[in-house]
Structure formats: structure tokens, C-alpha cells
Amino acid sequence: MDWWFDPARSYASNVEDGPFGAFAEGRATPETPATPGEMFLGHPVHRPFGIAAGPLPTSRHCAAAFRHGFDVSAYKTVRSRAMPAHVFPNTLAVRVDGDLAAEPGTTLVADHDLASATSISNSYGVPSRDPDEWQPDMAAAAVAAGDGQLLVGSCQGTRDGGDDHLVADYARAAGLVAETGVGAIELNLSCPNEGTGALLCFDTPLVAKVVRAVRERIGDVPLAVKIAYFRDDDALAALVRAIAPVVDAIAAVNTLPARLVDAEGRPALPGPGRDTAGVCGAAIRWAGLDMTRRLARHRERTRTEWAVIGVGGVLVAGDYEDYRAAGADAVMTATGAMRDAGLGRAVRATSTSPPRSP
Ligand SMILES: Cc1cc2nc3c(=O)[nH]c(=O)nc-3n(C[C@H](O)[C@H](O)[C@H](O)COP(=O)(O)O)c2cc1C
């Protein structure tokens, strides 16, 4: 397998030397439909499909993604300040029998045999370069989006004080992203450590403050939020009611958490606080599809207009079509694109779904 974002290398090496292999070269330009066929967040796009926040940490990666037909792709989440990555390794193969349960505390055996893995784990800690470095690079990535393509800039705040600090830092980060000229901004609300003992997306009053502060800072730039799997549908409905008037899209899901051990039952990742990691790929497809259906239903019930971005376990073009049928206005993949650089081209070859985006 040709890993253009290579789990066998450190995060720093992926940033400095990547992308790797044929993905990095210019020769794989997909057959481009004559005119963009759909609208997404006010932008004409060939296909509302691309690479989710994660495997594209530089403009070189983003430009390669666009060349390969990943038309709606996200620059990896940035912060308003520099932050180091967790120590290597960060991505392991996980062995899951069928669907990964959303209950906390599931233990999985993880190993380095990524070649055959359809589900992987990631534990990077959301590293970031300093804005002085990532801002010009993100601006270059936005320019790399061709006709019918859209760069999404993902960011998050950093908690180093009370809630007010966190809200202000989300607004600061989003403002810095807006200055780069991206076509849309996505707030990562599903990262551990930034909420009150849980993920920020489960703290509806705080999320409402964050999105209002961000909206005030970024003006009319289309705004998406990325959330985790909600087991409680009433809580999801409450979040939708609170933020629907402010956001343009809700993306789900981020990874599902699991405790990772090696074959001997020891923690699979080194260092404190890394017992649990996020699982992505085939084992969480059910969760992304379930959230897509429920978000579409809540949108209908609230009679509000915003887009659903379906994420999780999209490994082949048929998975993209399943998400569209479930109500997704756009679909994104991380694991699937890492495994198969031809996935953008394969989705380009699917027949156009009827547009419904706002
Ligand atoms: C290597 C890697 C890095 C990731 N980094 C981020 C990130 O910085 N921000 C974010 O919102 N999600 C991040 N994710 C989560 C993905 O965006 C996505 O939500 C998740 O992987 C599920 O999609 P998948 O099954 O297609 O991989 C990352 C995923 C991977 C595999």
C-alpha cells in the first residue's frame, strides 16, 4: 500500500517531507467533468467529497489532494499557537470484529501491521505550527484549490484557563484561519482535553458561546463544526437547536475512543494519558451514517438550513453514495484516502446525486 501520509514515520517527517509516493506527483489528474456539478456551502464543486481534517498538514498535501480529485478537502486542524505532537508512534492498526461499540472502555488489540488494516487508531494530540508558519501555508493551500474545489480550514481553541479563555482562543484561531482566504472554516469541537471533563461538543452552552464568538470574528465565511458520536439523541437535538442559527454545516463523526493494548495486554502507545486513542475507518462507518441520518432528521424537525458533512469509514465510492443517501450534503474521508489515493477519482466517476445544499 502506498501510504502518502505515512504512519510508519513521525508526524514531523510527514509534515517536513510528505506527501510520499505517487500521490505527491502531478501525474494522476482525474478526468474532470466539464463544469462543477453541485453547490456546497455556496461554492460550486465537482463532487462534495474530499479529505477530512487530519492527513493534510501542509499546502503540498492539500495541492496533491486537489490534483487527485478530492474536491472538498480540509487542512489539518491548527491552533492559535504552536503545540508539539504526541511522541511516535501515533497511528496503529486495530483489530475490530465488525462495528466498534460507542460505549466507553472498549479494549482493542493494536499493532503495526497497517497493510491489511481497514480500521486504524490515531493519537497525535492535535499538534500545530505557529500561526506565522501555518498562515502563509494555508493561504497557499487555498489557492491550490482549482475550479470546482474548496479548501476547508480546520482549527480549534486551546484551554489554558477558564471557559472565557477557551471561547476567546477559538475566535482567535478562527480569525487567523479566515485571514488565509479559505472557502470555509471548520471548528474541531470533538478533541479531548478542551471541554469540562469531556469533549467540548457535549457541553452545549459552551459550544453556543464558541460559535457565536467565532461568527462575530469571521463574518460571512461559511462555518462548520465537527462533532463526536452522540449516544443521547435529545442532547444532539439540543445542540442542533442551539447552534443551527449560527453555523452553516455540522460534520460528524470524529473518531470513536478505545483503549489500545498490544498482544500481551500492555498499553500500546507510550507516555502518560495515551491509554485511549481515537479509532477511525471501517469500524466506525455505522456511527458516521447514524449521525448523518439523525442530523438530517433534526434539521428537518427544526426547519433550519445547514449542511450535513458525513465522515467515518468511507473506504470505497459506494460508501460515499450510502452517505449521500443517508442525507449527507458532503462526505469526507481520512482513513479511506490514506489507504487509497484513487478514491477521489472513483467518487468523481459516480453519478451525480441530486443537490440539496443550502
Ligand atoms: C491521521 C489522522 C489525523 C487526524 N487529525 C484530525 C484533526 O487534526 N482534526 C480533526 O477534526 N480530525 C482529525 N482526524 C479525524 C478525521 O478527520 C475523521 O473524523 C476520522 O478519522 C473518521 O474518518 P475516517 O473513518 O474516514 O478516518 C484525524 C484522523 C486521522 C486518521
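A few remarks follow.
- Selected residue [in contact with a helix residue (DSSP H, G or I) (Cβ under 7 Å, 6 or more places away or on another chain) and among the β-branched types (Val, Ile, Thr)] from Thr292, Thr304: Thr292
- Hits in segment 202-232 (condition: more than 16 Å from the ligand (Cβ to nearest atom) and among the charged types (D, E, K, R)): Asp203, Lys209, Arg212, Arg215, Glu216, Arg217, Asp220, Arg231, Asp232
- Of all residues in segment 85-135, exactly one satisfies the criterion of being charged (D, E, K, R), within 22 Å of Arg60 (Cβ to Cβ) and within 15 Å of the ligand (Cβ to nearest atom), namely Arg129.
- Among all residues of segment 286-293, there is none that is polar (S, T, N, Q), more than 15 Å from the ligand (Cβ to nearest atom) and either farther than 20 Å from Ser73 by Cβ or buried (at least 24 other Cβ atoms within 10 Å of the Cβ) (or both).
- Taking the criterion of being away from the ligand (no atom under 12 Å from the Cβ), touching a Phe, Trp or Tyr at 6+ places or on another chain (Cβ under 6 Å) and not small (Gly, Ala, Ser), the residues of segment 1-25 that qualify are Pro19, Phe20, Phe23.
- From the options Val247, Val311, residue that is closer than 28 Å to Glu216 by Cβ, among the hydrophobic types (A, V, I, L, M, F, W, C) and away from the ligand (no atom under 13 Å from the Cβ): Val247
- Any hit, segment 91-107, residues being of a type in the set (S, T, N, Q) and in a strand (DSSP E or B): yes
- Considering Ala110, Ala115, the condition of being more than 20 Å from the chain's Cα centre (by Cα) and in a strand (DSSP E or B) is satisfied by Ala110 alone.
- Residues being without any contact (Cβ under 8 Å) to a residue 40 or more places away in the chain and under 20 Å from Leu41 (Cβ atoms) - total across segment 144-192: 3
- Take the conditions (1) farther than 30 Å from Gly37 by Cβ; (2) β-branched (Val, Ile, Thr); (3) within 16 Å of the ligand (Cβ to nearest atom); Ile185 misses just one of them, which is (1).
- Only listed residue being surrounded by fewer than 24 Cβ atoms within 10 Å (Cβ to Cβ), within 15 Å of the ligand (Cβ to nearest atom) and touching a residue at least 60 places away in the same chain (Cβ under 8 Å), chosen from Arg339, Arg301: Arg339
No lab work stands behind these numbers, since they all come straight from the coordinates. Here the structure is a predicted model, which means the values were calculated and not measured. Heads up, the Cβs are rebuilt from the backbone with ideal geometry, glycines too, and the neighbour counts pull from every protein chain shown.
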